[in-house]
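Remarks on the structure that follows.
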Amino acid sequence: MSATASDSIMETGTFVNCFLLVISLVIIPVNGGYDKERDALLKGTFPQDFIWSSATAAYQIEGAWNVSDKGPSVWDTLAHQDNNRDTGDVACDSYHKYPADIQLMKQMGLKYYRFSISWPRIFPTGEQQDGVNQDGVRYYNALINELIANDIQPMVTLFHWDLPQVLQDRYGGFLNNHTTNTTVIHDLFGDYARFCYQNFGDRVKYWITFNEPWITSWLGYGVGNFAPQHNEPAEGQYKAAHNIILSHAKAYHIYDDEFRAAQNGQVGITLNCDWGTPKTPADADAAIRYIQFSMGWFAHPIFKNGDYPEVMKTTMTRKAQEEGRTTSRLPEFTPEQKAYISGTGDFFGLNHYTTVEVIDTCCTPIENPSYDTDKDIGTGHAPDWPRAASSWLYVVPWGIRNLLGWIKEEYGDPDIYVTENGRSDHDQDPAIMMDMERICYYMMYTNEVMKASNMDNVKVKAYTAWSLLDNFEWLSGYSERFGLHYVDFNDPTRTRYPKASSVFFKQLVRNNGYPEGSEFTKYVENMWYFCHNTTEAEVNGYTGGASQISSLFSLFLAIPMMIAYSLIA
Ligand code: BGC
């Protein structure tokens, strides 16, 4: 789509939605919990070489689920289980429409794009020896070449949950022989990674082995509501995680041994983590336990010492005693494996969306143990935290700054790439094109990331918006929209339309933050007290002049400013 075309869509969408938006804003409070000092706008810019990006994942956008020789993935299987489910069969049809996606990125001034490769689109059964789907190789080559032709660097995830179904059927997927040294799944993931390095590594310099292994392990193999729907909440997640960590290490070492010298890229992993804040001072240890049992489960072995966090090991040993077991449900790494795993991350990929309040519930013995109860904690949310469309997503911008600081301290000050951050809207009619709440979210969260970078000296090198496009939101199908661009899923051509947030993001990238004195920063200042609920500001003693009324007034100013931005952008 040309710049002029998208701007005029923006302009039309803006006027159509403007009236409704203003009405709705009078009614709905947004982004509350304001604290004058903590939440003040920081002016300044990110380091010169800061990476601004947006992200997608293969199953969520590609469609073309069975073209040429592509094999089915565990998500194809789940989505086809009954006729009432949304599927990724067509999704955003990015398999055909990737040049249009790239023009959207270009329009926003993005120089990086994070996407994932579908393992069964490359190896239909997951195993190279069974044959390679040449059309899959052609597709990813074409996508990468088109990105580079448009001056956009690819950042590639090897595994974003779409395991080849055949590997699940043949070997139990990531449950495969998790305590022996002959585990097939490590080698198969290694072969797949090697093939990708060989075929795309001349142009791809950033590799992410796994996206959010916590989700695959717990939701895929513990709870079993996500694919491949294995329900074994006492042990499934621990076995799967064990295999994923070793598979990650294998892919890292293959790069190190066979490709790094020639290709000179980086290999990391992306972990998800909510910030856990203690509900009372007495819950402080529980909040640490929350983080160690989620992010630390993977980060501690990879970024610290090759082994699980101490608190996980001691907790699980105590549980084994209580349950009358001779061994812990948490598997052990051998000394060789620890050495193999430790230090296998050139960067720390972080997906962060929200914060939870943590309550200590230690230590009630439980009849049916599960990962959920193993942690001995309860979680909740403060009443003044605003919510997005996804039931789990509360808007708590300061959480990301705390989490970034925690990672710096805990893991020896690694380079951190924020590989996902964003918020959802409901799918509704009329469509939300003036997505002010998303603009507020990006404004507040990126400002907190800048505080981590510039005030706390966290080596945060990248910020990635989730997502470039509205897409298939897993079990929620198309009912939740995270995109900077609206996709009409009823339109066979899947036309994309820029939302207001894409214009905001473009200005953010262009300004590289919030420089003192810029027109953009003035706009942000006008919006700041609207984005943080000013009623809460008054509760917390804010007396700086921004009232509910002046906030709404600044909103009236802000909308024409946004239109102006879209026209001159
Ligand atoms: C995942 C994405 C997902 C997003 C919003 C992340 O956990 O990596 O695939 O769409 O969160 O739920």
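The values are calculated or read from the model by the stated rules, or taken from the named source; none is laboratory data. These numbers were taken from a predicted model, which means no experiment stands behind them. Here Cβ is always computed from backbone atoms with ideal geometry, including for glycine, and neighbour counts include all displayed protein chains. For the accessible areas, the whole protein counts, side chains as well, though only heavy atoms, and no ligand, DNA or RNA atoms are used. Shrake-Rupley method; radii C 1.70, N 1.55, O 1.52, S 1.80 Å.
Per-structure values
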item	result
Residues (part of a strand (DSSP E or B) and farther than 19 Å from SER467 by Cα) located in region 353-403	THR355, VAL356, GLU357, VAL358, ILE359, ASP360, ILE377, GLY378, THR379, GLY380
Per-region count, region 462-484, residues of a type in the set (Gly, Ala, Ser), buried (at least 21 other Cβ atoms within 10 Å of the Cβ) and more than 11 Å from the ligand (Cβ to nearest atom)	2
Matching residues, region 447-468, being within 30 Å of TYR497 (Cβ to Cβ) and either outside any strand (DSSP E or B) or modelled with pLDDT under 95 (or both)	ASN447, GLU448, VAL449, MET450, SER467, LEU468
Subset of region 53-77 that is in a loop (DSSP other than H, G, I, E, B) and among the acidic types (Asp, Glu) - its residue that is farthest from the ligand (Cβ to nearest atom)	ASP69
Search result, residues across region 131-181 that are among the hydrophobic types (A, V, I, L, M, F, W, C), in contact with an Asp or Glu (Cβ under 9 Å, 6 or more places away or on another chain) and within 16 Å of the ligand (Cβ to nearest atom)	TRP161
Residues of region 200-231 that turn out to be away from the ligand (no atom under 11 Å from the Cβ) and without any contact (Cβ under 8 Å) to a residue 24 or more places away in the chain, as a count	3
Given (1) in a loop (DSSP other than H, G, I, E, B); (2) farther than 28 Å from LYS319 by Cα, number of the condition ILE439 does not satisfy	(1)
Residue tally, condition part of a helix (DSSP H, G or I) and of a type outside the set (S, T, N, Q), over region 225-253	15
Selected residue (criterion: nearest to the ligand (Cβ to nearest atom)) from residues of region 450-461 that are among the hydrophobic types (A, V, I, L, M, F, W, C) and touching a residue at least 60 places away in the same chain (Cβ under 8 Å)	MET450
Residue among SER424, SER391, SER370 that alone is among the hydroxyl-bearing types (Ser, Thr, Tyr) and open to solvent by less than 10 Å² (accessible area, probe 1.4 Å)	SER424
Filter pass, THR317 being modelled with pLDDT under 95 and farther than 29 Å from ASP413 by Cβ	no
Matching residues in region 194-239 - criterion: being under 20 Å from the mean Cα position of the chain (by Cα), aromatic (Phe, Trp, Tyr) and either modelled with pLDDT under 95 or closer than 20 Å to ILE291 by Cβ (or both)	PHE210, TRP214, TRP218
Number of positions in region 117-135 that are buried (at least 24 other Cβ atoms within 10 Å of the Cβ), not β-branched (Val, Ile, Thr) and not in a loop (DSSP other than H, G, I, E, B)	3
Residues being more than 30 Å from ASN225 (Cβ to Cβ) and open to solvent by 20 Å² or more (accessible area, probe 1.4 Å) - total across region 151-173	2
Selected residue (criterion: farthest from LYS97 (Cα to Cα)) from residues of region 136-175 that are part of a helix (DSSP H, G or I) and small (Gly, Ala, Ser)	GLY173
Leading residue by the ranking (least open to solvent (accessible area, probe 1.4 Å)) among those in region 245-299 that are out of contact with any helix residue (DSSP H, G or I) (no Cβ under 9 Å at 6 or more places or on another chain) and among the hydroxyl-bearing types (Ser, Thr, Tyr)	TYR290
